[in-house]
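The values are calculated or read from the model by the stated rules, or taken from the named source; none is laboratory data. Please read these numbers as outputs of a predicted model, since none were measured by experiment. Note that each Cβ is placed from the backbone with ideal geometry, even for glycine, and that neighbours are counted across all protein chains shown.
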Amino acid sequence: MLRVVLVVVEAFQIKIIQSCGPSFASINMQFANIAVLLAASASAKHHSESWAVDGCSKVGEQQLDQHLNKHQIAPVRCCSFHNSCHSKDIGCVKQTYSDAKHTCAKHGMRLCSWYEMKTNLCCGTGCNYDVETAWVLRASYGKKPSEYDPNLEEGTTPAKAWTVDGCSRVGDRKLDKEFDSHQVAPVRCCSDSTDSCHSKDIGCLQQTYSDAKHTCSKHGMRLCSWQEMKTNLCCGTGCNFDLELAWVVKESYGNPHWHSGLSGLETASETNITTLV
């Protein structure tokens, strides 16, 4: 929008100068001021508008996505950090975007993302909101999970975590790579009690870093450490993950002395780390 405004104004300026001469230079300043005002208006409008999308595409007539301003109200559907949606549980409320975010936060949740709504996570959660358009997180609009993490505060930078070669003895050697924590990678869980690694046993999963940690915890284990992966503890544990990059405990990265009982603040005395930027 800003680019279009400036281009149009610039073209208008050139035309006036060509037809009227340099004595009309003061007109340029007027048009420059107009451009600034229009650009500011467009920017303010962009930041004050949010999206509401079909509450459940499986029910009733399909509702088109709606661009609403900050004063308008829409149904509130809140999503938990563990993939569940709630409408009736939070009181069947209709609010402005700002108030809706506050309501979800008050219940320990957040507004649902565009992708969660488009994949019908909220269907059947009550209030007859399946046949209405409901708010979604503004920053999530049009984005898949690999492109946006809804569990991040809007406007914050995604957290990072490391993935390393699933088994350096198999296939081509893979360089360690730092991913945004909302991206997905193979999950390999390690057991402190049996000094073992598990991939196939936990379902051959590829998940975000947070979900991977949760999966390992659910199985009474944890994500494997950098040292465990570098010493090939996980080789041959299935899922063909030997040929892929898998998550490691963030705090363990580059520290051969890390173990689950430590805070992860120890410094490796000597490492040989190659990274992709």
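Data for the structure
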quantity	calculated
Residue in segment 225-243 that is buried (at least 19 other Cβ atoms within 10 Å of the Cβ), modelled with pLDDT of 95 or more, within 23 Å of TYR148 (Cα to Cα) and under 26 Å from the mean Cα position of the chain (by Cα) present	no
Residue within segment 173-190 that is in contact with a His (Cβ under 9 Å, 6 or more places away or on another chain), farther than 29 Å from CYS79 by Cα and not assigned by TED's automatic domain parsing to the domain that holds ASN83 present	yes
Filter result (touching a residue at least 60 places away in the same chain (Cβ under 8 Å), crowded, with 18+ Cβ neighbours inside 10 Å and more than 27 Å from ASP180 (Cβ to Cβ)) within segment 116-131	TYR129, ASP130
Boolean, ASP201 is of a type in the set (Asp, Glu), touching a strand residue (DSSP E or B) at 6+ places or on another chain (Cβ under 7 Å) and touching a residue at least 24 places away in the same chain (Cβ under 8 Å)	no
Failed criterion for VAL136 (all others in (1) in contact (Cβ under 8 Å) with a residue 24 or more places away in the chain; (2) in the same structural domain as ASP242 (by TED's automatic domain parsing) hold)	(2)
Number of the condition not met by ALA139 [criteria: (1) out of contact with any strand residue (DSSP E or B) (no Cβ under 9 Å at 6 or more places or on another chain); (2) surrounded by 15 or more Cβ atoms within 10 Å (Cβ to Cβ); (3) in a loop (DSSP other than H, G, I, E, B)]	(3)
Residues of segment 172-201 that turn out to be of a type in the set (A, V, I, L, M), assigned to a loop (DSSP other than H, G, I, E, B) and buried (at least 22 other Cβ atoms within 10 Å of the Cβ), as a count	1
Tally, over segment 202-215, of residues that are modelled with pLDDT of 95 or more and not in a loop (DSSP other than H, G, I, E, B)	1
Sole exception among (1) closer than 30 Å to LYS101 by Cα; (2) touching a strand residue (DSSP E or B) at 6+ places or on another chain (Cβ under 9 Å) for ASP211, by number	(2)
Positions within segment 70-85 being surrounded by fewer than 15 Cβ atoms within 10 Å (Cβ to Cβ) and in contact (Cβ under 8 Å) with a residue 40 or more places away in the chain, in sequence order	PHE81, HIS82
Positions within segment 198-256 being farther than 22 Å from ASP172 by Cα and basic (Lys, Arg), in sequence order	LYS213, LYS218, ARG222, LYS250
SER113 being in the same structural domain as ASP65 (by TED's automatic domain parsing), modelled with pLDDT of 95 or more, small (Gly, Ala, Ser) and crowded, with 22+ Cβ neighbours inside 10 Å	no
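Each row is one residue, and each column tells you yes or no for (1) modelled with pLDDT under 90; (2) under 30 Å from the mean Cα position of the chain (by Cα); (3) farther than 30 Å from THR215 by Cβ.
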| position | (1), (2), (3) |
| --- | --- |
| VAL7 | yes, no, yes |
| GLU10 | yes, no, yes |
| SER23 | yes, no, yes |
| ILE27 | yes, no, yes |
| ALA42 | yes, yes, yes |
| LYS70 | yes, yes, yes |
| SER80 | yes, yes, no |
